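Undergrad: Dropping the structure in here first, questions after.
Taken together, the values in this text are just the output of simple stated rules run on the coordinates, not laboratory data. This structure is a prediction, so every number in the text was calculated from the model and none was measured. Counting neighbours? That spans all protein chains shown, and the Cβs are built from the backbone with ideal geometry, glycine included.
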Amino acid sequence: EWCMATVVFFTIVPICLRNYKTLTGRTTWKRRPLPWIYLFAALYHLKHYEFYWGLPQRGWATTPCHLGWIVRFFMHCVPLPEIVHDVVTQVLANFTSLAFLFIFEDGEVGDAMYDGVFTWSLIHHVMLITIPFADILNGYLCVLPKPAEAGEKPRSIIKNFARWHMASVAIYLLMYVSIFTPVSLLSGVNWGWTIHFHATKVAVDINLTGQHFRLWWLLYYNILFVIFRTWWLVMDILLRGSGLTPYSESAIAKRKQAEDEAKKKKLEEEKTE
């Protein structure tokens with residue numbers, strides 16, 4: 001299993017990023033700031049679970065949802081290359097599906113609906129699911145391919161979809177099979193829930209607590225990644241069509257007009273000189 005996951009990562013990811021082009025064309029190092037509501041949520045999340053230098057006893061900081069807040073807060077504070085931003089943003093968009101799963105797997109929705117108990121666990125999972133929406137609006141996340149420039153061949157939506165799905169699966173395998181599972185077995189700490197899941201009724205019903213739960217989990221998160229990536233694809237189509245993202249036709253036309261005016265102004269200044 002360890003060999004398979006490691007080979008898949010070092011085979012798939014280079015292929016997926018072979019023809020990589022940045023969304024913005026920027027090659028410098030830069031932060032990717034979070035909107036204020038998500039920044040405050042990330043800070044509160046770190047405080048609530050005491051995710052400082054020491055890990056909680058069960059390795060909670062390495063579960064996909066907790067790791068999502070930590071990584072996004074890191075991206076807010078630390079300048080990174082554009083390719084790292086793009087890859088992490090694309091992968092985290094797929095990881096939001098796991099937040100959706102655990103809301104129901106852990107019974108948080110039922111507690112809220114029937115008992116009126118709105119825990120921070122439920123709130124932060126719901127917020128995680130909405131962050132890619134903000135990324136699309138800001139132009140940080142392109143689920144559709146970036147619009148083709150003049151003379152450039154349009155990219156395939158299907159190929160783009162498959163590329164980021166496979167890259168997300170490969171990165172998940174590297175983190176949770178190649179890295180966290182050996183650490184869990186050697187330390188006795190359940191890093192990223194790689195040894196067992198909570199034995200809730202839902203987990204038992206869908207074979208997430210049995211002997212072969214890791215095979216079932218491989219199937220489930222592949223399906224969830226596809227479903228949620230399709231959802232974000234639809235959202236990207238709707239937001240671009242509404243002119244609300246930097247990659248909508250109206251926004252591109254405005255940028256082009258501004259560039260043409262800047263060039264015209266520069267030529268006039270050169271003639272005057």
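Undergrad: Pull out a ≥ b ≥ c, the square roots of the eigenvalues of the alpha-carbon gyration tensor of segment 61-207, then state rounded if a/c is under 1.5, prolate if not and a/b is larger than b/c, and oblate in the remaining case.
TA: Prolate shape, in that a/c is at least 1.5 and a/b is the bigger ratio.
Undergrad: If you don't mind, there's one more thing I want to ask. Just to be sure I understand the rule: take each whole DSSP H helix in the chain, project its Cα atoms onto its long axis, keep it if the span is 15 Å or more and its mean Kyte-Doolittle hydropathy is at least 0.5. Which ones pass? Display every interim value, and only then the final one.
TA: Details: long enough: 2-16 (21 Å, 2.13); 36-48 (18 Å, 0.65); 64-77 (20 Å, 0.80); 82-105 (35 Å, 1.21); 120-138 (26 Å, 1.19); 157-173 (24 Å, 0.79); 213-241 (41 Å, 1.07); 249-272 (34 Å, -1.91).
Those that pass (Cα extent of 15 Å or more, hydropathy at least 0.5) are 2-16, 36-48, 64-77, 82-105, 120-138, 157-173, 213-241.
Undergrad: Suppose R0 equals 45 Å. What FRET efficiency, 1/(1 + (r/R0)^6) with r the Cβ-Cβ distance, do Leu43 and Lys153 give to the nearest 0.05? Don't jump to the answer; show the numbers that get you there.
TA: Numbers: r = 44 Å, r/R0 = 0.98.
Taking R0 as 45 Å, the efficiency between Leu43 and Lys153 is 0.55.
Undergrad: Same structure again: Using θ = phi - 60° and the Karplus curve 6.51 cos²θ - 1.76 cosθ + 1.60, what whole-Hz ³J(HN,Hα) does each residue of segment 199-208 get, with Gly and Pro shown as x?
TA: Taking θ as phi minus 60°, the curve returns 7, 7, 4, 4, 4, 5, 5, 9, 6, 8 Hz for segment 199-208.
Undergrad: Among Cys142, Val189, His125, which residue has its Cα furthest toward the positive end of the charge dipole of segment 107-194, with +1 on Lys/Arg Cβ and -1 on Asp/Glu Cβ?
TA: Cys142
Undergrad: Still on this structure, I have one more. On a full-extension model of 0.36 nm per residue, what is the gain between Val204 and Phe74, subtracting their alpha-carbon distance, rounded to one decimal in nm?
TA: 43.3 nm
Undergrad: Separate question: Quote the charge dipole size of the chain about the Cα centre in Debye, to the nearest 20; the model charges only the Cβ of Lys and Arg (+1) and of Asp and Glu (-1).
TA: For the chain, the charge dipole is close to 760 debye.
Undergrad: Additional query: Label points 7 Å out from Cα along the Cβ direction at Ala162 and Ser250: separation in nm?
TA: Distance between label points: 3.5 nm.
Undergrad: Right, here's the next one. Just one of [x] 14.8; [y] 18.0; [z] 17.0 is mean projected area of the Cα convex hull in nm² as worked out from the coordinates here. Which one is it?
TA: [y]
Undergrad: Pairs Lys153/Lys264; Lys30/Lys254; Lys153/Lys271; Lys146/Lys263: which exceed 26 Å Cα-Cα? Don't skip to the end; give the middle numbers.
TA: Values: Lys153/Lys264 28 Å; Lys30/Lys254 24 Å; Lys153/Lys271 36 Å; Lys146/Lys263 24 Å.
Lys153/Lys264; Lys153/Lys271, as the Cα separations exceed 26 Å there.
Undergrad: Quick check: residue separation of Phe104 and His196 times 0.36 nm, minus the Cα distance between them. What number comes out in nm?
TA: 31.4 nm
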